[in-house]
1. Quick one: how many Å² of Lys147 are accessible to a 1.4 Å probe, rounded to 10?
2. Need one value: the accessible area of Ile28 in square angstrom, 1.4 angstrom probe, rounded to the nearest 10.
3. How much length, in nm to one decimal, is gained on full extension between Asp129 and Ala87, taken as 0.36 nm per residue of separation minus their Cα-Cα distance?
4. Using the basic label-point model (7 angstrom from Cα toward the beta carbon), what is the Tyr108 to Thr56 distance in nanometres?
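The values are calculated or read from the model by the stated rules, or taken from the named source; none is laboratory data. Being a predicted model, the structure only gives us computed values, none of them experimental. With ideal geometry, Cβ positions are generated from the backbone for all residues, glycine too; neighbour counts draw on all protein chains shown. All accessible areas refer to the heavy atoms of the entire protein, side chains included, with ligands and DNA or RNA removed. Shrake-Rupley method; radii C 1.70, N 1.55, O 1.52, S 1.80 Å.
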Amino acid sequence: MKNKLILVFATVLSVFFSLTTKAQDSKILAGAGLKYATDISTMGIEAKGVYLASDTWEIAPAFTYYLKKNNLNWSTLDFDAHYVFSADDKNTFYAIGGLNMTFLKYTYEGYEGYEVLEGFGSDSGSVSDSNVGVNIGVGSRFAISDKMYFNADLKYTIGNANYLSAGVGLLYHF
């Protein structure tokens, strides 16, 4: 399932990249960063794309893989829209709204002294789950150079898995 989501995210980003013909006309930003989520309680690595649909609206898909902690693997797939309420040549401030898919995989090992009867399961395995939620938050983008931006956002995911996430990263304007 995770491989399918990565493939979908890569496909979306490649479609965004193919929409542009000249670098100066490009409406695509892409980059990576770090993210921390409260209930997940571990650091994540995020890949993010931004399509500048208009002066007011942006489309921002993102995938975050959180580092394994206590036999738990978390990842999130976000399909956000940004409403730009303040922008100039160097700074952009926006509100965030969108859909979130949170994925969880718990891996377990058998207990010491536990013997498995042949044909009745195993002493290790994993359990997976996914949750759909809604994102709300705020973010900003600051120009470091003509093509490079520092990006920061803070958003709350509401759903079966409720958590606050804060992220920072770099975006390149193609």
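1. Lys147 exposes around 70 Å² with every protein chain in place.
2. 0 Å²
3. Taking 0.36 nm per residue and subtracting the Cα distance, the gain is 11.2 nm.
4. 5.2 nm
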